[in-house]
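To keep things clear, I will list the structure first and then write my remarks on it.
The values are calculated or read from the model by the stated rules, or taken from the named source; none is laboratory data. All values derive from a computational prediction rather than experimental measurement. Cβ coordinates were reconstructed from backbone atoms using ideal geometry, including for glycine residues, and neighbour counts include every protein chain displayed.
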Amino acid sequence: MRSLSVPLRIPLSLAALLAALSATFSVRAALLAHEPFDAPPGSAVLGSAGGVGFSAPWQTNSSVGVATNTAFALSYTDSVGNALTTTGGAAFFQGSTTASGAMQPVRPFAFSRGTNGVDGATTWVSFLIARLGPTGTLTGNPYGRGANVPHDLGTAQKLAIGNSSGAATNTVGLIPQGAAGNLVSSTNTFGGATNFVVVRIDHVTNGLDRAYLWVNPRLDLEPALADAGAVSSNAFDFSFDRLRVFAGGQSSAQQPYAELILDEYRVGESFADVAPHSPFTPPAPLALVITNFNVTPAATTVAGVGGTNGGWAQLLTSADLFASPATWAVAATHPFDAAGRFHLTNFAAPTDAARFFRVRAVPPPPPVPPFVLTQPASLVVTQGQTAWFAVSAGGTAPLGYQWFFNLTNALAAATNTTLVITNVQPADAGGYLALISNGAGAVTSAVATLTVLVPPTITTQPQSQTVTVSNNVTFSVAATGTAPLAYQWLFNTNTPLSGATNASLTLTNVQTNAAGAYRVVVTNAAGAVTSAVAVLTVQPAPTNGPDFSLYGFGAPTTGGGLLADTDPNYRKVYTPGDFRLALTSGTVKVIEIMNDLNLGWNEIGATNQTGRFRSSTAPSLHPVLLASGVTTVDIQDKNGLTIFSANGATIRRAEFNLKRAHNVIIRNLKFDELWEWDEATKGDYDAKDWDFITIGDGGNCTNVWIDHCTFTKSYDGTVDLKDGANHVTISWCRFLGDDGAPGGFVWQQFNYLETNNAVSKPMYSFLRSNGFSMNDIITIARSQKKGHLAGPTEFDPDNANIRLTLHHNYYLNHQDRLPRLRAGNAHVFNVYLNNTAARAAKLLRDAKVAAIPGGLGAYKFDVTLNGAISTEGGAVLVEKCHLIDLTAPLRNNQVSPTNAAYTGKIRAADTIHTLGASTFRGDTETPGSTLVPVPAPLLPFSWNGFAALPYSYPLRDPSELAALLTTGNTGAGTVTWAKTNWLKTLYP
């Protein structure tokens, strides 16, 4: 059997572990400042005012990123066991993760050292710092940009303690004279572990100050200037007056954001001031007693008593009993239990003829910084469910945890290994990570993404409609929810319609058997919802068809006359160049637009950027308009001109401006793509004067007829009148706004804002961060904000000349100005307006805003539900119209209801007004009328300048207007007849 030598009692000697205290401290002078970062966990660093020696709380200094107090604290024990005196808590700083910016708050001292303070003195600075790398795999510098703690700012940073911005070595050192390239580095490197940094600054009288830096020095010995690990540098002759923390922000994938943990920042007049500590006291020698010794073929086990709780036992082994103990191999190391017992096992099988063992007590091993064992996993949950994130980590206990949302928001009470989010909502979707820390350092987990599946919700229900037989009808639904959304339309409640799988259902050539109930089921991965029932009523064709003759104030208009297309004064236009030349000609009387024209300033070509074409106000935000530009087309100095299209061609990205133009007709054209989101005036839409057609801007116009045109959504008005434009008729037109469909013009704008972080979009960002989804914003913004402004300037004497007729027009989701008249006269008859979807959007908007503390502030994001408006003595008659879901169908003052000068005359006659489930038909004067104007007292109605209208006109019953105007009779491209009919003004 093998011979074993086992001493039963082993006295512990720690002499080899202790160093004699051979140096003395500097005499303690004064602690000038101390920032312990001990504010409540999760509270913001900015604005906090803890500690001593500062004249003000932490200030922002244009900071971007995160600065929050943590529940854990950093700690430091030097090489001989001295422990730095610390207070609970630390501070976490993170640069911006979405833009090039830094978290760089400052806090001014209550003292000044150096040129403008105490010169000829010495200042000592110390702090604990743990620098983390961002999560994920990154090339280049894995620890990010700039991680330093500057101290002197003045007009320029003169000395910083940290590392160079973007330094690949991640070294800690001195950065004198404010330039990152001036880094004088120590051999110590940053990482997740804690470092104790000490700096001495000698403020030299009448000379350059000097700075010295040490990393992780002993706490009981003032470090020597010639220490091997010291760094020194000549700095400026500078004053030392504030603390600034700098955590750099993201500017590229190679230079991501920095993450720092800072603790126990001290400024003093001596080393002892900035290195308070608890001296290491050697424990009394221990008498370890081996009580059990067991040898098996697989292992050797030694157990015993006599240790101390918190200490460690170490098993040594050697084949030579008389060999120096320093040469004995370590076989096992394990902590004593709470009672001081030890149990050590050597798993190496004994093979020597003799093997000897010793047991000794040793200090605990140095703490291990935390490291992630299991990363949190990304989750996909349905709205209302519970989301669970979990992380596991190793490292010396205790470990502290803090969960963050979207990298910047420290979550309250989220300080465990698991994060539980109950009743998950769309606002909870995003990235989650855990910051794990102990006294030795910190680490961040990978980002786990929470995807929230939102069941579909219908925001705009399909509406019941009445059509005439053989016409077309479209039902539409708007829904929100996690994409993709699927649609299935049903007929008479439960019969699926083949191929009816879009957000809109169009029925063509409707017959009486199509009458009935329609609804749609909207589904996605999270659920399904069924719309309300929309009833289709099919009426027989009216015995008297529509009369497309010219009526109203514009009746004297003849345009260019009835010319053959071979006449030299008849011009066919195929290109922007053709159009420019036709407008420039002094003889052309008829211009036929043969095809769609894209007239953006950047797309018409340099040769056409002259004459009647000029650049309009530059676009700011819409991606299509940013590329194309916008053109103003001046139709000027004309007397007798017709512009039309036989096929309903589209004019895109241009505004028509009529000035000094008389006897002009514009027919059968569609106007499109002249809108963008308004950040410049915070939703007032006053930055760009983009009207599809402006009559009289730059010179008075008379006798204008706009007929059978279609207008989509414009930035400003659709058709406006200026400079006293008069004898104008707008008839048989469609004003549609935008349908908000994916891929459409409005949708493209918001998709651009969603995906382009470089764009300045404070209002949009405010809405998105306060409960509005992209689809919500589209739903609210898609209707037309402004219609017809007749008279742009208050009390302009030219306004009295305005004469405007609107008849047989179809307005869909039209918020305001039907028209808005200043002085003059306007006649509105047989107009059909349906604002059902706009009103639903208004209700959606109001509910969202009610949930925002303080509301929208300075931002204007609303849906106005106004109809006709008369101000400043104007006269407006609304006759035999059908107005749906206007909350203020008639208004008579827009400035001061108590000032009669701003009040206009307005009256409704035999008009249907529907609001929600209520319908009224009658006049303004009818008892219980909903057509009484607001907000000023009613003025007796009379025309300005004449007792009765100077023209005759046919009237349809308002109940017929839905069928008459929403089908094939209004707008561009809906009437098919001989081309010469577009040149006529009367039809027998």
Identify the single condition in (1) in a strand (DSSP E or B); (2) on the phi > 0 side of the Ramachandran plot that residue 632 does not satisfy, given that it satisfies every other one. (2)
Name the residue, out of 905, 860, 848, that is more than 20 Å from residue 811 (Cβ to Cβ), among the charged types (D, E, K, R) and buried (at least 22 other Cβ atoms within 10 Å of the Cβ). 905
Of residues in the stretch 710-767 being farther than 21 Å from residue 691 by Cβ and of a type in the set (A, V, I, L, M), the one surrounded by the most Cβ atoms within 10 Å (Cβ to Cβ): 767
Could you tell me whether any residue of the stretch 347-357 is charged (D, E, K, R), part of a strand (DSSP E or B) and either over 59 Å from the mean Cα position of the chain (by Cα) or not assigned by TED's automatic domain parsing to the domain that holds residue 431 (or both)? yes
Check 712, 702 and return the single one that is among the hydroxyl-bearing types (Ser, Thr, Tyr), over 40 Å from the mean Cα position of the chain (by Cα) and closer than 21 Å to residue 633 by Cβ. 702
Pull out all pairs, ordered by first then second residue, where Cβ-Cβ is under 7 Å, the residues are six or more apart or on different chains, the first lies in the stretch 609-626 and is part of a loop (DSSP other than H, G, I, E, B), and the second is among the hydroxyl-bearing types (Ser, Thr, Tyr). 611/584; 612/584; 616/631; 616/632
Restricting attention to the stretch 90-130, and to residues there that are small (Gly, Ala, Ser) and modelled with pLDDT of 85 or more, which single residue is surrounded by the most Cβ atoms within 10 Å (Cβ to Cβ)? 90
Matching residues in the stretch 374-395 (outside any strand (DSSP E or B) and either within 11 Å of residue 448 (Cα to Cα) or basic (Lys, Arg) (or both)) number 5
From the list 838, 858, 847, 800, exactly one residue is outside any loop (DSSP other than H, G, I, E, B) and farther than 30 Å from residue 503 by Cα. Which is it? 800
Given (1) under 30 Å from residue 593 (Cα atoms); (2) of a type in the set (Ser, Thr, Tyr); (3) part of a helix (DSSP H, G or I), identify the lone condition not met by residue 959. (1)
Residues in the stretch 410-423 that are closer than 15 Å to residue 445 by Cα and assigned to a strand (DSSP E or B) total 3
Is it the case that some residue within the stretch 487-496 is among the hydrophobic types (A, V, I, L, M, F, W, C), surrounded by 15 or more Cβ atoms within 10 Å (Cβ to Cβ) and either out of contact with any strand residue (DSSP E or B) (no Cβ under 7 Å at 6 or more places or on another chain) or outside any strand (DSSP E or B) (or both)? no
Residue under question is residue 987, and the condition is that it be in contact with a helix residue (DSSP H, G or I) (Cβ under 8 Å, 6 or more places away or on another chain) and surrounded by fewer than 21 Cβ atoms within 10 Å (Cβ to Cβ); does it hold? yes
Of (1) assigned to a loop (DSSP other than H, G, I, E, B); (2) aromatic (Phe, Trp, Tyr); (3) at pLDDT 85 or above, residue 265 fails just (1)
Number of positions in the stretch 225-248 that are farther than 16 Å from residue 212 by Cα and either modelled with pLDDT under 65 or among the aromatic types (Phe, Trp, Tyr) (or both): 1
For residues that are β-branched (Val, Ile, Thr) and over 16 Å from residue 406 (Cβ atoms), scanning just the stretch 60-75, find the one that is surrounded by the fewest Cβ atoms within 10 Å (Cβ to Cβ). 60
Give 271, 280, 336 a once-over and let me know the one that is within 30 Å of residue 73 (Cβ to Cβ), crowded, with 16+ Cβ neighbours inside 10 Å and either at pLDDT below 90 or in contact with a helix residue (DSSP H, G or I) (Cβ under 9 Å, 6 or more places away or on another chain) (or both). 280
Kindly provide the set of residues from the stretch 664-695 that are crowded, with 24+ Cβ neighbours inside 10 Å and modelled with pLDDT under 95, ordered by number. none
So, in the stretch 278-311, exactly how many residues are in a loop (DSSP other than H, G, I, E, B), over 60 Å from the mean Cα position of the chain (by Cα) and either closer than 30 Å to residue 219 by Cβ or not aliphatic (A, V, I, L, M) (or both)? 7
Run down 903, 930, 887 and say which single residue is in contact with a helix residue (DSSP H, G or I) (Cβ under 8 Å, 6 or more places away or on another chain) and in contact (Cβ under 8 Å) with a residue 12 or more places away in the chain. 887
For residue 917, indicate whether it is in the same structural domain as residue 880 (by TED's automatic domain parsing), out of contact with any helix residue (DSSP H, G or I) (no Cβ under 7 Å at 6 or more places or on another chain), more than 12 Å from residue 871 (Cα to Cα) and crowded, with 16+ Cβ neighbours inside 10 Å. no
So is residue 551 out of contact with any Cys (no Cβ under 8 Å at 6 or more places or on another chain) and either buried (at least 17 other Cβ atoms within 10 Å of the Cβ) or over 27 Å from residue 632 (Cα atoms) (or both) or not? yes
Tell me, please, whether a residue that is part of a loop (DSSP other than H, G, I, E, B) and either within 24 Å of residue 718 (Cβ to Cβ) or touching a residue at least 40 places away in the same chain (Cβ under 8 Å) (or both) can be found in the stretch 569-587. no
Does the stretch 952-967 contain any residue that is crowded, with 16+ Cβ neighbours inside 10 Å, β-branched (Val, Ile, Thr) and under 23 Å from residue 472 (Cβ atoms)? yes
Among the residues of the stretch 437-472, which ones are among the aliphatic types (A, V, I, L, M), over 23 Å from the mean Cα position of the chain (by Cα) and crowded, with 20+ Cβ neighbours inside 10 Å? 440, 442, 443, 467
Name the one entry in 590, 573 that is farther than 23 Å from residue 630 by Cα, in contact with a Phe, Trp or Tyr (Cβ under 7 Å, 6 or more places away or on another chain) and surrounded by 14 or more Cβ atoms within 10 Å (Cβ to Cβ). 590
Of the residues that make up the stretch 684-702, is at least one outside any loop (DSSP other than H, G, I, E, B) and in contact (Cβ under 8 Å) with a residue 40 or more places away in the chain? yes
Kindly evaluate residue 925 against the criterion of being surrounded by 15 or more Cβ atoms within 10 Å (Cβ to Cβ) and acidic (Asp, Glu). no
